[in-house]
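Colleague: Below is the structure I would like to discuss, written out as structure tokens.
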Amino acid sequence: PLQISPFWVAELTRGLRGATVVDALDTLYIMELEEEFQEAKKWVEKSFDLNVNGEASLFEVNIRYIGGLLAAYYLTGEEVFKSKALELGEKLLPAFNTPTGIPRGVINLGSGMSWSWGWASAGSSILAEFGTLHLEFLHLSELSGNPVFAEKVMNIRKVLNRVEKPQGLYPNFLSPVTGNWVQHHVSIGGLGDSFYEYLIKSWLMSDKKDSEAKKMYDDALEAIEKHLVKKSAGGLTYIAEWRGGILDHKMGHLACFSGGMIALGAEHAGQERKQHYMDLATEITNTCHESYARSDTKLGPEAFRFDAGTEAMATRLSERYYILRPEVVESYMYMWRLTHDPKYRQWGWEVVKALEKHCRVEAGFSGIRDVYTTTPTHDNMQQSFFLAETLKYLYLLFCEDDVLSLDDWVFNTEAHPLPVNHTNFKASVQ
Ligand code: DMJ
């Protein structure tokens, strides 16, 4: 029989490379690290090969690679970033060939074959994945003149508008075949998170013209507040998860982006709701800060709970890790820009010091396995979002407000800035 060596198997199924390089392009540019930016650009020009046949996550390719390339293009005007973004966008299109047009989560970039994640219930697609394409896909259509990208995401919205929402909530799993929910798990953390973020940001990116997105956001937030927002015995506001009507009093680190999102939306909520939502955003950001302040490393765990006498701390060994995630400093950045309360800069600086102390290693920064020990072990991994998001948001927290002003830019969920369509996209780039 034909012998296939492991080397050839790896060669035959080669996936996309260089996530860290592409994810970090705009951070390097914004921080004026000219030499490093040029080196990264050269890599994209010479070595970033899109003719691969490995499998990829539609969502991750979109937010990290396409988002990173689009932002690099809008910041620099360099054609290479635009053409790579468009080429990659084309490769994702076969994932939308389903009976409903809701894309599947995984795609082979060579063959175009797509399938659902093995762990997702009954072949379903994930809300936070198919709901986090809108910003990038509108820009792909704008830049290419090809409406297909915009059509794909507008169709996703149509399916979501059509399906009945239990108590006004959006569950995390939807069948791409029937367009119905597969399971009633609702979360503003993992599996749901950036879907809500993209509703309010779609409206902002359209220069407040996309009123359908604004309405979907307002309605979703109202339902979340009614059914998921709770206050602990110690007075901490948190957002619980919902499993078919039963609350799980847990908040994931991922859910901590919501302080910033709710503050961003509050700005535009109408006079009487504005203060209410600013208060909610302040309280949630405070809770997330508590999850950091209550640990020995001053970094927060992957998930923290509000049950059995516990408040804002992980109770399970498996939830004590920190993988350099950005969501808490992301909220500090928005809260600082929108309130100028100096506590957000102080809290950000606490994170800088903790990262230096516990995560810096010889070759970069590493995640840690337990935030509740002052001598944590490293997980030997620097996630690409550390450069794309965590460091960018920390940097912006200490910049003047006109560096990537919130009036002119929206950040995709991987912190890549995309211009607001004030008149048309080209004008806003200039
Ligand atoms: C990032 O890739 C994005 O922010 C995504 O929306 C959620 N998770 C990570 C960072 O934690």
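Colleague: If the rule is a partner Cβ under 4.7 Å, which cysteines in the chain fail it?
Modeller: Here Cys359, Cys399 come out as lacking a disulfide-compatible partner, given the Cβ-Cβ threshold of under 4.7 Å.
Colleague: Can you tell me how the range 1-149 classifies by the Cα gyration tensor, rounded, prolate or oblate, using a/c under 1.5 as the rounded cut?
Modeller: Working: a/c = 2.03, a/b = 1.24, b/c = 1.64.
It is oblate, given that a/c is not under 1.5 and a/b is not larger than b/c.
Colleague: Something else about it: How would you order 44-57, 80-93, 182-195 from highest to lowest mean count of nearby Cβ atoms within 10 Å? Write out the running numbers ahead of the final one.
Modeller: Numbers: 44-57: 13.9, 80-93: 19.6, 182-195: 22.5.
Top of the packing list down: 182-195, 80-93, 44-57.
Colleague: For a Förster distance of 22 Å, can you work out the FRET efficiency between the beta-carbons of Asn97 and Asp49, rounded to the nearest 0.05? Could the numbers behind the result be given before it?
Modeller: Details: r = 25 Å, r/R0 = 1.12.
So the FRET efficiency works out to roughly 0.35.
Colleague: Let me ask something additional. With the cut-off at 1.5 for a/c, could you classify the range 241-375 from its C-alpha gyration tensor as rounded, prolate or oblate? The partial results should precede the final answer.
Modeller: On the way: a/c = 2.33, a/b = 1.29, b/c = 1.80.
Oblate.
Colleague: Further, regarding this structure: State the percent of C-alpha pairs, over all pairs in the range 323-430, separated by a distance greater than 20 angstrom.
Modeller: 47
Colleague: So for the chain, Kirkwood radius off the Cα pairs, Stokes-Einstein at 37 °C and 0.692 mPa s: how many µm² s⁻¹? Write down the numbers at each step before the final one.
Modeller: Numbers: Rh = 22.1 Å.
Diffusion coefficient, whole number: 148 µm²/s.
Colleague: Which aspartates and glutamates, on any chain, are close to Lys250 with Cα under 17 Å apart, when same-chain ones fewer than 8 places away are left out?
Modeller: Result set, ordered by chain and number: Asp193, Glu225, Glu241, Glu283, Glu290, Glu302, Asp307, Glu311, Glu319, Glu327.
Colleague: Heavy-atom accessible area per residue, the range 174-270, 1.4 Å probe: how many Å²? Mind showing how you got there, number by number?
Modeller: On the way: 3260 Å² over 97 residues.
With the other protein chains kept in place, the range 174-270 gives 34 Å² per residue.
Colleague: What whole number of Å gives the distance from the Cα centroid of the range 163-194 to the Cα centroid of the range 324-354?
Modeller: Distance between centres, Cα-based: 31 Å.
Colleague: Sticking with this structure for a sec: So if I take the centroid of the Cα atoms in the range 99-113 and the same for the range 199-233, what is the distance between those two points in Å?
Modeller: The distance from the Cα centre of the range 99-113 to that of the range 199-233 comes to 28 Å.
Colleague: May I have the extent of the alpha carbons of the range 74-135 along their three principal axes, as whole Å values ordered from largest to smallest?
Modeller: Here the Cα extents, ordered largest to smallest, are 43, 24, 20 Å.
Colleague: Next question, about the same structure. Given R₀ = 30 Å, what would the calculated FRET efficiency be for Ala150 paired with Thr178, taking r from the Cβ atoms and rounding to 0.05?
Modeller: Working: r = 25 Å, r/R0 = 0.82.
That gives a FRET efficiency of 0.75.
Colleague: Could I ask something else about it? Taking the Cα centre of the range 116-251 as origin and charging only Cβ (+1 Lys, Arg; -1 Asp, Glu), how large is the dipole, in debye to the nearest 20?
Modeller: Details: 15 positive and 16 negative charges, 56 e Å.
I would put it at about 280 debye.
Colleague: Order the following by accessible area, largest value first: Thr413, Thr315. Probe radius 1.4 Å; ligands, DNA and RNA are ignored. Mind dumping the intermediate values first?
Modeller: Working: Thr413 20, Thr315 70 Å².
Putting Thr413, Thr315 in descending order of accessible area: Thr315, Thr413.
Colleague: Moving to a separate point now. In vacuo Debye scattering of the range 84-185, one point per C-alpha: log10 I(q)/I(0) at q = 0.16, 0.23 Å⁻¹?
Modeller: Ignoring solvent entirely, the Cα scatterers give -0.67, -1.25.
Colleague: Find the Rg to Rh ratio for the range 344-404, where Rh is the Kirkwood radius over alpha-carbon pairs and Rg uses the same atoms.
Modeller: Looking at the range 344-404, the ratio lands at 1.01.
Colleague: Next up: Return the FRET efficiency for the residue pair Met31, Lys165: r is the Cβ-Cβ distance, R0 is 35 Å, and the value is rounded to the nearest 0.05. Could the numbers behind the result be given before it?
Modeller: Working: r = 42 Å, r/R0 = 1.19.
My answer for the efficiency is 0.25.
Colleague: Also, I was wondering about something else. What are the chymotrypsin sites (Phe, Trp or Tyr not before Pro) within the range 82-186 that DSSP puts in a loop, where the Cβ has at most 12 other Cβ atoms within 10 Å? Intermediate values should be presented prior to the final figure.
Modeller: On the way: sites: Phe96, Trp115, Trp117, Trp119, Phe130, Phe137, Phe149, Phe173, Trp181; in loops: Trp117, Trp119.
Those satisfying the criteria are Trp119.
Colleague: Considering only Val328, Pro342, His276, whose Cα is most displaced toward the positive end of the charge dipole of the range 243-342, charges sitting on Cβ of Lys, Arg (+1) and Asp, Glu (-1)?
Modeller: Selected residue: Val328.
Colleague: Can you give me the pair-distance distribution of the range 61-103, C-alpha pairs, 5 Å bins, whole percents?
Modeller: 5, 24, 25, 18, 12, 9, 5, 1
Colleague: Then there's this: Let a ≥ b ≥ c be the square roots of the eigenvalues of the Cα gyration tensor of the range 282-336; is it rounded (a/c under 1.5), or, if not, prolate (a/b larger than b/c) or oblate?
Modeller: Working: a/c = 2.27, a/b = 1.43, b/c = 1.59.
Judged from the Cα gyration tensor, the range 282-336 comes out oblate (a/c at least 1.5, b/c at or above a/b).
Colleague: Still on this model: Given labels modelled 7 Å from the Cα in the Cβ direction, how far is it in nm from Ser318 to Met113?
Modeller: Simple spin-label model gives 3.1 nm for this pair.
The values are calculated or read from the model by the stated rules, or taken from the named source; none is laboratory data. Because the structure is predicted, anything quoted here is derived from the model rather than measured. Heads up, the Cβs are rebuilt from the backbone with ideal geometry, glycines too, and the neighbour counts pull from every protein chain shown. Each accessible area value is taken on the protein alone, full model and side chains, heavy atoms only, with ligands, DNA and RNA left out. Shrake-Rupley method; radii C 1.70, N 1.55, O 1.52, S 1.80 Å.
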